[in-house]
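Notes to accompany the following structure.
The values are calculated or read from the model by the stated rules, or taken from the named source; none is laboratory data. Note that the structure is predicted; figures quoted are calculated from it, not measured. Here the Cβ positions follow ideal geometry from the backbone for every residue, glycine too, while neighbour counts run over all protein chains shown. In case anyone asks, the SASA skips ligands and DNA or RNA and just uses the protein heavy atoms, side chains included. Shrake-Rupley method; radii C 1.70, N 1.55, O 1.52, S 1.80 Å.
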Amino acid sequence: MVVVVFHRILPGSRFSQITRLLSTKAASISGSKVEVLGREYTGDHMTNVTSHLLSHIGRDLHLQPYHPLRHVAQRVTQHMYCQYVSPRGNPLFSVHSQLHPVVTTHQNFDSLLIPKDHISRKKSDNFYINETHLLRAHTSAHQSELIKMGFDNFLVIGDVYRRDSIDASHYPVFHQLEGVRLCTLKELYGTHQNMDAYHLFENGERTEHHQGVHTAEAARRMEVELKGCLLGLATSLFGRDTEVRWVDAYFPFTHPSWELEVQINGEWVELLGCGIMEQEILANAGVQDKIGWAFGLGLERWAMKLYGIPDIRLFWSTDSGFLSQFRFDDSATPASYKPVSKYNPCINDISFWLPKDQKYESADFYDLVRSVGGSLVEQVSLVDSFTSPKKQLTSHCYRIVYRHMERVLTQEEVNEVHRRIEQKAASTLQVSIR
C-alpha cells in the first residue's frame, strides 16, 4: 500500500530539519539486507546500492526550509495552483512530496511502457535494491498508482537516483518535479448544446506526431494547453524576455513529446520534457474516458540556472555560508549565488588493467569513487584507454579531481583517499593497478 502525504509548505517548519538529522539512520545495508525508511528488502545478484548512496535518503532537500530546491519547487507549485483552480476557488493540483523512494521494476519501467530491452533498465544506469525493486529513477514511477487512486491533477516531487558520470552538474541523487493532468470531454471542450459533435477518441493511424487514438482536435487542444502552461512557468521564473523554443523529443510514455529549451547567457539549455500521455498508460490504470498530458523537470538544473549555482554538490552542503544566501520566505525573491570561497583542486590519476574474463562497467568504478571519496570528489573522467596486443588486456586511466567545498585539501589527505580507492578497486572490481 502506498501512503500519499500532502505536505503543506510552512515557513520555518522544523519537520525537514528533524528528517535531515535522522537521515543517517533512514537507510542502511548489512549483508544481504537493505533497509530503506522502515522497509526491509533482501538483496540478490542485482543489488548495487552502496552505504554512501543510502546515506542521502531522508535528507529531503526539497522540503528543507529556505533550501534553493524548495524555493524552486514552491514557485512551480504556486504557478500550477494559479493556473488551475476549481469552481470553488481551490487549487486543482494535489502535491505528493513524501512518497517512498523504493519502487518496483513494474512501477519504474513497465507501467510507463518502457520496453524490456530498453537501455534505461540496465544495472549500470540504476540503483537496484534487488531484482524486483530499485530506487526510483524518475518521479514518473508514481504516475499509474496515483491515477489508479483517482487523482486527475497532481504534482510529484522527490529525490531520484541514477548512476551517472561524475562532474559539476551530475550527482547520483537529484530531485524531480512531475506534473500530470487528465481531462474529460467536458473539461477539454466546455459545455455545448450539441456535445455529440465533440470527441476525445477515434480509431486512426499512429504517426510521427499523433497517437491515432485521439482525435486531431483533442490532441491539438491538449498540446496548446500544455505548452501554454509550461511557457508561462518558464517565463515566470526566468523572465518574460527569455528566449524559448520547443524541440521534438522521444519518451516511451508520451507521444507526441517535446523538450522546452531557454537561452541563458547565449546558450540553449533544456529545462523540461513533456508530452501527451500514452493512452495505454491511462487504460492500464483503469481510465477510459480521459486524455492526459505530463511534464517533468529537474529541480537542480532549474536552481543552478536560476541562482547561478556552479556545482551540484553545493545543494548537499550544510555550510551556513551557502544556505544563508537563500534564507527568505518569499520564494520569488531574486537571488544570485556568491561563492563562499574557491579552493584549489588536487588532481590524481589512477590507471589499471581491466579484468580479462569479467564484465567491467565504468559506472561501477564511479560508484566506488563516490563511496570512498564522498563529496571530496568533484569530477572523474576517463582520459585514456588502450588495449595491449601483448597482454591482450585493456587499460583505463581515470583522472580524479578532488576539491573540498569549505576548506583547502592537502595533497597528503588526497593521497590517502586515492590509495583507498586503488585498494578497493583492486579488491572489488578485480582490476590490476598499474
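Observations on the model:
- Between helix 216-238 and the chain: long-axis angle, C-alpha atoms, 0 to 90°, nearest 10: 50
- Folded to 0 to 90 degrees: helix 68-83 orientation relative to the chain principal axis, Cα: 10
- Cα centroids of the range 42-81 and the range 270-290: 24 Å apart.
- In this label model, residue 432 and residue 324 are separated by 5.5 nm, measuring between points 7 Å along each Cα→Cβ vector.
- By accessible area with a 1.4 Å probe, ligands and nucleic acids excluded, highest first: order of 312, 29, 119: 119, 29, 312
- The chain: most fluctuating residue of 216, 197, 234 per GNM, C-alpha cutoff 10 Å: 197
- When a 1.4 Å probe is rolled over the protein heavy atoms, the share of accessible surface on the range 346-433 that falls to carbon and sulfur comes to 47 percent.
- Measuring how big the range 346-433 is from its alpha-carbon positions, Rg and Dmax come out at 13.4, 46 Å.
- P(r) tail, the chain: Cα-Cα pairs separated by more than 33 Å, 40% of all pairs.
- Convex hull projection area averaged over all views, the range 134-230, Cα basis, nm²: 9.2
- Sulfur and carbon atoms: percent of accessible area, the range 24-67 [1.4 Å]: 49
- Using just its DSSP H runs of length 4 or more, each adding -39500 (n - 2.57), the chain gives a mean residue ellipticity at 222 nm of -7500 deg cm²/dmol after division by all residues.
- Relative contact order (%) - criterion: Cα under 8 Å, at least six apart; region: the chain: 14
- Here the range 98-132 is scanned for amide nitrogen atoms under 16 Å from the site 7 Å beyond the Cα of residue 42 along Cα-to-Cβ, giving 129-132.
- Based on protein heavy atoms only, the chain ends up with 47 Å² per residue of surface accessible to a 1.4 Å probe.
- With R₀ fixed at 41 Å, the C-beta to C-beta distance from residue 340 to residue 196 puts the FRET efficiency at about 0.05.
- Take each peptide in 106-114, 257-265, 352-360, count the other Cβ atoms within 10 Å of every residue, and average; sorted highest first, the result is 106-114, 257-265, 352-360.
- Linear extension gain, residue 419 paired with residue 353, 0.36 nm per residue minus alpha-carbon span: 22.1 nm
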